[in-house]
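Below is one structure, written out as structure tokens; the observations come after it.
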Amino acid sequence: MVKSIILAAGKGTRMKSGLPKVLHTIFDKPLLGYVLDAVKNSGMIDYSYVITGHKHEQVDSYVKENYDFAGTILQSPQLGTGHAVSMALDALKGYNGEVVILCGDTPLIKPETIKNMIISHRKNSADITVMSAVFENPTNYGRIIREQDGTLKEIVEEKDADEFQKKVKEINAGIYCINWDKVSVAFSELKNNNKQGEYYLTDIIKWGREKGLRVGAYVIEDNNEIFGINSRKNLAEASQILHDEIIEYHMANGVTIVSPETTWISPDTEIGGDTIIYPNCYINGRNKIASNCKIGPFAHIRGGVELDEFVKIGNFVELKKAKVKSHTNICHLSYVGDAEVGENVNIGAGTITANYNPLTKVKSKTIIEDNVKIGSNSVLVAPVKIKEGANVGAVGVITKDVEPWSLAVTRAPLKVLEGWVKKVLKND
């Protein structure tokens, strides 16, 4: 299997943030997470080394908590991209396979593209393959410089390029596949004789040619995949690109999205055919929504949600870590979190599962079994179980389990004071 090195040490000055750039999010997933997921889902890479730097403790923590196939290596001081890769020399000592080098701030890269690049690298018997793209406006990108016969000569950063080189439209996409046993020595031989005084990863192309290695370029088809995040504007642009791809994907697979412009769906959400998503819904995190469901309008699904077939989620409903079985309705203005909800359940408007204890900071689960009916404006204080067939009267505050087929009522008896209004008005 292949290894990967992901460069994630940069501060991201233009983000103007106290947060490391790679931990800024789209759909609450950090940019680095998108890259790590793409690497994993390529099916070609079994372990990743994340090179950290600025506020590395935060990046270390994120990787450790979320990815068992990746570890972090600190780059300090930060002396350029070539120097960053050299941080993995000890970890990869004795390794003779291929290494894919990526940037941690390119969240749109697809697993298939990584896989295809590795396949192309092998097919061409290359020692070094760099991913490239053709841009009409290549400003700010390193240029791919080729020989007259079309073979790859070198990569020149824009700051070091002459006027002729700046006119080249083929650019360096920042992703490499290298044969580690042949190329790793380069990272001890790179020079920093450039305007930045840094050790450039791009220099391995020229180094490889000088050593007689086979060097090539893999031209990417969709330039959006290498879109890098350097500012909040870039973050919004990447979010929009991802949004459009996801919406088109679901509509092509039989999901009705009434207002594509106002509907946001995370890439980690699965949706079955004939489900309808009404306007102004925000579906975040990892979720599974079955077929023939109705969502919204103005629904917020926050992740960890599983909906079986024929579930209806009303307007202004919020769900989080909830499993809901088929033919269940959760009506408008309700919050259901950390819950299991059975079949044929009706949850009335304004119902809340009170799942969080602010004193102990513990979240508890609410279980609602099949055929339960919850009256409007009820509060279910977790941990609590509403058993099969039970009914909860409107404005109920439920703090203990309700037995099967029971009626739970907690409100005070209704009192009607006849003529009260007229008496008050007469006294005025």
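Per-residue answers, yes or no, for (1) under 26 Å from residue 78 (Cβ atoms); (2) modelled with pLDDT of 90 or more; (3) of a type in the set (A, V, I, L, M):
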position: 118; (1), (2), (3): no, yes, yes
position: 121; (1), (2), (3): no, yes, no
position: 124; (1), (2), (3): no, yes, no
position: 144; (1), (2), (3): yes, yes, yes
position: 151; (1), (2), (3): no, no, no
position: 162; (1), (2), (3): no, no, no
position: 166; (1), (2), (3): no, yes, no
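For a quick check of your reading: which strands (runs of 3 or more DSSP E) sit entirely within the range 83-174 and have at least 2 residues that are farther than 14 Å from residue 216 by Cα? Walk me through it before giving the result.
Working: elements: 98-103, 128-134, 143-146, 152-156.
In the range 83-174, the matching strands (runs of 3 or more DSSP E) lie at 98-103.
From the residues in the range 82-121 that are free of Cβ contacts under 8 Å to residues at least 24 places away in the same chain and of a type outside the set (Asp, Glu), which one is farthest from residue 180 (Cα to Cα)? So that I can check it myself, show each step before the final result.
Going through the range 82-121, the residues free of Cβ contacts under 8 Å to residues at least 24 places away in the same chain turn out to be 90, 93-94, 119.
Still in the running and of a type outside the set (Asp, Glu): 93-94, 119.
Numbers: 93: 10, 94: 9, 119: 16 Å.
Result: 119.
Only one of 157, 163, 170 is farther than 18 Å from residue 48 by Cα, touching a Gly at 6+ places or on another chain (Cβ under 7 Å) and of a type outside the set (Ser, Thr, Tyr); which?
On the way: 163 fails: touching a Gly at 6+ places or on another chain (Cβ under 7 Å); 170 fails: touching a Gly at 6+ places or on another chain (Cβ under 7 Å).
Only one candidate passes the filter, namely 157.
Going through 3, 29, 21, 55 one at a time, which residue ends up being at positive phi, touching a residue at least 12 places away in the same chain (Cβ under 8 Å) and among the basic types (Lys, Arg)? Before you say what the answer is, go through the steps one by one.
On the way: 3 fails: at positive phi; 29 fails: at positive phi; 21 fails: at positive phi.
Within the list 3, 29, 21, 55, the selection yields 55.
Kindly check whether there is at least one residue in the range 370-389 that is touching a residue at least 40 places away in the same chain (Cβ under 8 Å) and farther than 23 Å from residue 317 by Cα.
yes
Which one of the conditions (1) within 15 Å of residue 228 (Cβ to Cβ); (2) part of a helix (DSSP H, G or I); (3) open to solvent by 30 Å² or more (accessible area, probe 1.4 Å) does residue 40 fail to meet, given that it meets all the rest?
Just one mismatch for residue 40, condition (1).
Go through the range 204-220 and count every residue that is under 18 Å from residue 85 (Cβ atoms) and in contact with a strand residue (DSSP E or B) (Cβ under 8 Å, 6 or more places away or on another chain).
6
Only one residue in 296, 304 is more than 15 Å from residue 264 (Cα to Cα), free of Cβ contacts under 8 Å to residues at least 60 places away in the same chain, open to solvent by less than 60 Å² (accessible area, probe 1.4 Å) and among the small types (Gly, Ala, Ser), so which one is that?
304
Strands (runs of 3 or more DSSP E) wholly in the range 289-404 with at least 3 residues that are among the charged types (D, E, K, R) and at pLDDT 95 or above - which ones? Quick ask: steps written out before the conclusion?
Values: elements: 305-307, 318-324, 335-341, 352-354, 366-368, 379-381, 384-386.
Once the strands (runs of 3 or more DSSP E) in the range 289-404 are filtered for at least 3 residues that are among the charged types (D, E, K, R) and at pLDDT 95 or above, what remains is 318-324.
Any residue that is part of a strand (DSSP E or B), in contact (Cβ under 8 Å) with a residue 12 or more places away in the chain, at negative phi and of a type outside the set (Asp, Glu) - is there at least one of those in the range 222-238?
Step one: of the range 222-238, the residues part of a strand (DSSP E or B) are none.
No, the range 222-238 has no match at all.
What single numbered condition from (1) outside any strand (DSSP E or B); (2) open to solvent by less than 10 Å² (accessible area, probe 1.4 Å); (3) of a type in the set (S, T, N, Q) fails to hold for residue 61?
Evaluating residue 61 over (1) outside any strand (DSSP E or B); (2) open to solvent by less than 10 Å² (accessible area, probe 1.4 Å); (3) of a type in the set (S, T, N, Q) leaves (2) as the failure.
Can you tell me which residue among 60, 105, 68, 90 is at negative phi, of a type in the set (Asp, Glu) and in contact with a strand residue (DSSP E or B) (Cβ under 7 Å, 6 or more places away or on another chain)?
Sole residue among the options that is at negative phi, of a type in the set (Asp, Glu) and in contact with a strand residue (DSSP E or B) (Cβ under 7 Å, 6 or more places away or on another chain): 60.
Of the numbered conditions (1) open to solvent by less than 50 Å² (accessible area, probe 1.4 Å); (2) out of contact with any Pro (no Cβ under 8 Å at 6 or more places or on another chain); (3) not β-branched (Val, Ile, Thr), residue 237 fails exactly one; give the number of that condition.
Just one mismatch for residue 237, condition (1).
Which is of a type outside the set (A, V, I, L, M), surrounded by fewer than 18 Cβ atoms within 10 Å (Cβ to Cβ), in contact with a helix residue (DSSP H, G or I) (Cβ under 7 Å, 6 or more places away or on another chain) and within 30 Å of residue 166 (Cβ to Cβ), of 140, 124, 96? Give the derivation first.
Values: 124 fails: in contact with a helix residue (DSSP H, G or I) (Cβ under 7 Å, 6 or more places away or on another chain); 96 fails: within 30 Å of residue 166 (Cβ to Cβ).
Exactly one residue qualifies, and that residue is 140.
Given the conditions (1) open to solvent by 50 Å² or more (accessible area, probe 1.4 Å); (2) farther than 30 Å from residue 133 by Cβ; (3) outside any strand (DSSP E or B), and given that residue 251 satisfies all but one, which numbered condition is not satisfied?
The one condition residue 251 does not meet is (2).
Among the numbered criteria (1) in a loop (DSSP other than H, G, I, E, B); (2) at negative phi; (3) surrounded by fewer than 20 Cβ atoms within 10 Å (Cβ to Cβ), which one does residue 10 miss?
That leaves (3) as the condition not met.
Only one of (1) open to solvent by less than 70 Å² (accessible area, probe 1.4 Å); (2) touching a Ser or Thr at 6+ places or on another chain (Cβ under 8 Å) is not met by residue 188, so which one is it?
(1)
The values are calculated or read from the model by the stated rules, or taken from the named source; none is laboratory data. Predicted model, so just to flag it, every value in this text is computed and none were measured. No Cβ is skipped: glycine too gets one built from the backbone with ideal geometry, and neighbour counts run over all protein chains shown. Surface accessibility is based on the protein's heavy atoms, side chains included, excluding ligands, DNA and RNA. Shrake-Rupley method; radii C 1.70, N 1.55, O 1.52, S 1.80 Å.
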